[in-house]
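The values are calculated or read from the model by the stated rules, or taken from the named source; none is laboratory data. Everything quoted here is computed from the prediction, not taken from an experiment. Every residue, glycine as well, gets a Cβ built from its backbone with ideal geometry; the counts of neighbours run over all protein chains shown. SASA here: full protein model, heavy atoms, side chains in, ligands and nucleic acids out. Shrake-Rupley method; radii C 1.70, N 1.55, O 1.52, S 1.80 Å.
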Amino acid sequence: MSVMRVSIGFCSLLLLTLCPTASAAVDQQAFDSCIADLGDRARQAGVETSLVAAVLPEIAPLERVIELDRKQPEFVQTFGAYVDTRVTESRVERGRALLAKHQPFLQTLLERYGVPPRYLIAFWGLETNFGSYLGNIPTLNALATLACDPRRSDFFAGEFVNALELMEREALPLDTLRGSWAGALGHTQFMPSSYLRYAVDGDDDGRINLWESERDALASGANFLRSLGWTPELRWGRQVVLPENFPYELASLSGERSLRAWAPLGVRQLDGATVPALDLEAALLLPAGHLGPAFLVYENFRVVMRWNQSLSYALSVGLLADRLAGAPPLALGDAASAPLRRADVENAQRALNSLGHEAGEPDGVLGKRTRAALRAFQLEQKLPADGYPDRRTLETLTAITLP
């Protein structure tokens, strides 16, 4: 799903009463009031009054959407397991067939937008498994439900209005506007704002339909990536091999240095050759810690993350694109490892905070701030400073902070 920044504050009504073990309960009166506010916002944005009047009575809250928004799995999937379930042999085979099917058209997109075909097919595969599942949740209901929930109301209220504008612009019947629980649409899972701004008519039929037209979806993906800053003729990155006793604290998305600077540190390509002595900037990533795979990533990797902010997702796009281009399967090292318990990450965050290493609000999410705090703690304890909560790090952290 294409990612947009979110904020809180449009509907101040506490529409949904939530507790960890109960399903969401909707206050219908509060929901009706919020929908009226959304209608006012849509009319102020220029949506035809007749469309607003026709649509609003059909909007109903979806408790399941709130449950999905709040859902936190007990375990955090390992990087290897994440990739293994997405960069599958069947997906590679299907992707290569679609590369061949659309080759002439994809070549025109390369010439127009500068995005190689394999990346467009990889995004398509990751988003909807090449259109095999586009989502079937009524989009306006989903967006209204999230807009009337205080957690991210401003963002989803805006997307609700964008969806109405999309209906108006493309003359879309209400029943066709279906997608993911969060409102993402079509083969490429664009949010309505991205659909309005970046979707293009790839099949030259005078309409833009990301549900039914594969060419519209592929062209729109290319246009979106170019707008996000895609650099033509630059790959996403590559898997590399690190020497023993490598200074793992250098591994960070914000720790860019040139390939010329990485080479003297012993960073090598998979075939054993030293990385090229070029001035190309690259960051080193260790998504599963120092015992897992290592990657050097370039500016186009950051572009992929502007589409979806997940490191694992972005690495999967690059790895799938490489496989589509003929690269062999990679041994990622941690596919069989036990997944992290979210509770263990939360406990680690609390312990790090207590020691003065700011890990942020304990939420069980291994984000940038938590990794930085872990890295600082590991350096302090003379552990491999990879910013990953492996067993040794967690045991050390527990021993220090236990009363």
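Considering only residues of the stretch 189-198 that are open to solvent by less than 10 Å² (accessible area, probe 1.4 Å) and more than 15 Å from A144 (Cα to Cα), which is nearest to the chain's Cα centre (by Cα)?
F190
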Using the structure shown, decide if L278 is modelled with pLDDT under 95, under 21 Å from P116 (Cβ atoms) and either buried (at least 21 other Cβ atoms within 10 Å of the Cβ) or aliphatic (A, V, I, L, M) (or both).
-> yes
Out of curiosity, is L99 in contact with a helix residue (DSSP H, G or I) (Cβ under 6 Å, 6 or more places away or on another chain), of a type outside the set (S, T, N, Q), within 24 Å of A314 (Cα to Cα) and buried (at least 21 other Cβ atoms within 10 Å of the Cβ)?
-> no
Which one of these does A343 not meet: (1) out of contact with any Asp or Glu (no Cβ under 7 Å at 6 or more places or on another chain); (2) surrounded by 14 or more Cβ atoms within 10 Å (Cβ to Cβ); (3) of a type in the set (G, A, S); (4) assigned to a helix (DSSP H, G or I)?
-> (2)
Considering each of R238, R215, R207 in turn, give the residue that is touching a residue at least 24 places away in the same chain (Cβ under 8 Å), closer than 30 Å to A157 by Cα, outside any loop (DSSP other than H, G, I, E, B) and open to solvent by 20 Å² or more (accessible area, probe 1.4 Å).
-> R215
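Can you report the number of residues in the stretch 121-150 which are assigned to a helix (DSSP H, G or I) and within 25 Å of R94 (Cβ to Cβ)?
Residues of the stretch 121-150 that are assigned to a helix (DSSP H, G or I), as a first pass: 121-128, 139-147.
Those left that are additionally within 25 Å of R94 (Cβ to Cβ): 121-128.
Final tally of qualifying residues: 8.
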What number of residues within the stretch 113-146 are closer than 23 Å to L320 by Cβ and either open to solvent by 20 Å² or more (accessible area, probe 1.4 Å) or touching a residue at least 60 places away in the same chain (Cβ under 8 Å) (or both)?
-> 21
When the stretch 24-55 is examined, which residues are found to be of a type in the set (A, V, I, L, M, F, W, C) and open to solvent by 30 Å² or more (accessible area, probe 1.4 Å)?
-> A25, V26, A36, A45, L51, A53, A54
